[in-house]
Amino acid sequence: MDYDFAILDLTDDSEESVARRTGWLGAVRRGFRDDRPDDDLVEQWLEVARTDRTTLRGAWLPEGVLGAGPMPVATYGSFDKTINAGRELLALRMVIDVTTSPAHRRRGLLRRLIEDDLTDAVSRGVPLAALTASEATIYGRWGFGPATFRQGIEVDVRPGFRMRSFTDPGRVELLEPAEAWPHVRGVFDRFHARQRGSVEWPATYTAIHTGRYDFNSGGPDRKVRCALHLDATGAVDGFCLYKPGSDYSVDVSEMVALDPAAQLGLWSFLAEMDKVVKLTHALAHPHDPLQWALTDLNRVKVTTVEEFLWLRVLDVPRALAARPWAADDRLVLEVDDAQGHAAGRFEIVTDGGVARVARTEAAPDVTLTAETLGSLYLGGVGVQQLHRAGRLAGTDDVVRRWAAMADLSDPPYCLTGF
């Protein structure tokens, strides 16, 4: 069957264009098992899509075929923001809303959409692409590898919850989410500028974090609350967004602190709220100081560890030069990439934490796939671990040298879902 592949024009408000983009959103909602969109959701979604300058790709059935109409049989969206690579903020192609109708699987629709988009990113000089995947077996074939991990925790704050010696030098203040938004955004922007692995917020976060609109249930979010942490001088250095849960629990949806004192101050505030016995957080920082600050470390339990941000390297020299390096050395890396974007041999020379990367014809020291390079890029997975798993090739000595260069002591952290 000859499908009609097209990119929607978000500036076109003709009747046909409106029907097609509404149908596109309807296909996405169907693909993720959500309710059909109402007019309010369409309006909120369109505002976000226009703000982010989202490119909406799709595949439609040809006219005259049963099932043809404004709703596509495959959807794919993307827009460009930034990622903190460790030394620089790099442009990032962010992939969203990938669906294929179950009636049109295994016909190359996703392949066409994703390869067209990655080719476009390369043509625009975007060195990295990323997505958050609902299924772990799909995207490796296109060079995406899991690069950061989502850690869920549960904190028991029943009587007996105590910190060892913490005294908050600042204080916590509650503000309505809309009022707190400029402070929340300011803290996140500072966090994003210094946290390796952080991804810039899409426009949805303004609506979500102010409570203006809940994209899951529709309408304003009347449950979300915001606590701001202020340092000893009164400057805001952290925030926490949370909602009351069932059985006297509190669900922390977002917590960002610019230093450990702010982090512990926010946890202490949440733990001391009336009628709360349990705190949950699905995106805890891997080096959150809470557990080791408590008299009873068993009060914190890790409930989930799963992949979160998937990365795809498109420009190897540009990407590798933007990350930090842990040891001075030189070796040749060969990347196998089915789509060709990252394929080739690259000489990497590191000096003082900075790399010079150039294409070469020299024999490779280490060989890996684009998927494995994506996983290694931020330092969230160790070189030796992937070598033991058969994910990269090289002599034991060379792999040890590569690990000394590429592995980083502090973990990457991403709390941006998209």
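The numbered conditions (1) closer than 16 Å to residue 174 by Cβ; (2) free of Cβ contacts under 8 Å to residues at least 60 places away in the same chain; (3) among the β-branched types (Val, Ile, Thr) are all true for residue 276 except (2). Restricting attention to the stretch 80-111 and to residues that are in a helix (DSSP H, G or I) and out of contact with any strand residue (DSSP E or B) (no Cβ under 6 Å at 6 or more places or on another chain), the residue that is least open to solvent (accessible area, probe 1.4 Å) turns out to be 104.
The criterion of at least 3 residues that are open to solvent by 40 Å² or more (accessible area, probe 1.4 Å) and touching a strand residue (DSSP E or B) at 6+ places or on another chain (Cβ under 6 Å) is met by the following strands (runs of 3 or more DSSP E) wholly inside the stretch 112-218: 149-156, 171-175.
Listed here are the residues, each with its yes/no results for (1) open to solvent by 10 Å² or more (accessible area, probe 1.4 Å); (2) touching a helix residue (DSSP H, G or I) at 6+ places or on another chain (Cβ under 7 Å).
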position: 7; (1), (2): yes, no
position: 17; (1), (2): yes, no
position: 30; (1), (2): yes, no
position: 41; (1), (2): yes, no
position: 49; (1), (2): no, no
position: 53; (1), (2): yes, no
position: 68; (1), (2): yes, no
position: 78; (1), (2): no, yes
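Residue-by-condition table, conditions (1) closer than 25 Å to residue 212 by Cβ; (2) touching a residue at least 60 places away in the same chain (Cβ under 8 Å); (3) not in a helix (DSSP H, G or I):
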| site | (1), (2), (3) |
| --- | --- |
| 6 | no, no, yes |
| 10 | yes, no, yes |
| 13 | yes, no, yes |
| 21 | yes, no, no |
| 25 | yes, no, no |
| 29 | yes, no, no |
| 45 | yes, yes, no |
| 50 | yes, no, no |
| 53 | yes, no, yes |
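Scanning the stretch 1-29 for residues that are among the basic types (Lys, Arg) and either under 21 Å from residue 63 (Cα atoms) or modelled with pLDDT under 95 (or both) yields 20, 21. None of 165, 198 is of a type outside the set (A, V, I, L, M, F, W, C) and modelled with pLDDT under 95 except 165. Would a scan of the stretch 281-302 turn up a residue that is over 30 Å from residue 356 (Cα atoms), open to solvent by 50 Å² or more (accessible area, probe 1.4 Å) and part of a strand (DSSP E or B)? Within the stretch 281-302 (the criterion being over 30 Å from residue 356 (Cα atoms), open to solvent by 50 Å² or more (accessible area, probe 1.4 Å) and part of a strand (DSSP E or B)), the answer is yes, since at least one residue qualifies. Would you check which residues across the stretch 393-411 are over 19 Å from residue 355 (Cα atoms) and under 28 Å from the mean Cα position of the chain (by Cα) and list them? 411, the sole residue that qualifies.
Among residues of the stretch 344-357 that are hydroxyl-bearing (Ser, Thr, Tyr), those with a Cβ under 8 angstrom from a residue that is open to solvent by less than 70 Å² (accessible area, probe 1.4 Å) and outside any strand (DSSP E or B), sequence gap 6+ or separate chain, pair up as 350/325; 350/327; 350/405.
Within the stretch 387-400, is there a residue that is crowded, with 20+ Cβ neighbours inside 10 Å and touching a residue at least 60 places away in the same chain (Cβ under 8 Å)? The answer is no; no qualifying residue exists.
Against the test of being modelled with pLDDT under 95 and closer than 30 Å to residue 342 by Cα, the options 107, 112, 87 yield a single qualifying residue, 107. Can you tell me which residues in the stretch 24-46 are closer than 22 Å to residue 205 by Cβ and within 21 Å of the chain's Cα centre (by Cα)? Those that are closer than 22 Å to residue 205 by Cβ and within 21 Å of the chain's Cα centre (by Cα): 28, 29, 32, 45.
Take residue 381 and decide whether it is in contact with a Leu (Cβ under 9 Å, 6 or more places away or on another chain), hydrophobic (A, V, I, L, M, F, W, C) and open to solvent by 10 Å² or more (accessible area, probe 1.4 Å). Considered against the rule, which asks whether it is in contact with a Leu (Cβ under 9 Å, 6 or more places away or on another chain), hydrophobic (A, V, I, L, M, F, W, C) and open to solvent by 10 Å² or more (accessible area, probe 1.4 Å), residue 381 comes out as no.
The values are calculated or read from the model by the stated rules, or taken from the named source; none is laboratory data. Keep in mind that what you see is a predicted model, and the values were worked out from it rather than measured. FYI the Cβ positions are ideal-geometry reconstructions off the backbone, even for glycines, and counts take in every protein chain you see. Side chains included, ligands, DNA and RNA excluded: accessible areas come from the protein's heavy atoms. Shrake-Rupley method; radii C 1.70, N 1.55, O 1.52, S 1.80 Å.
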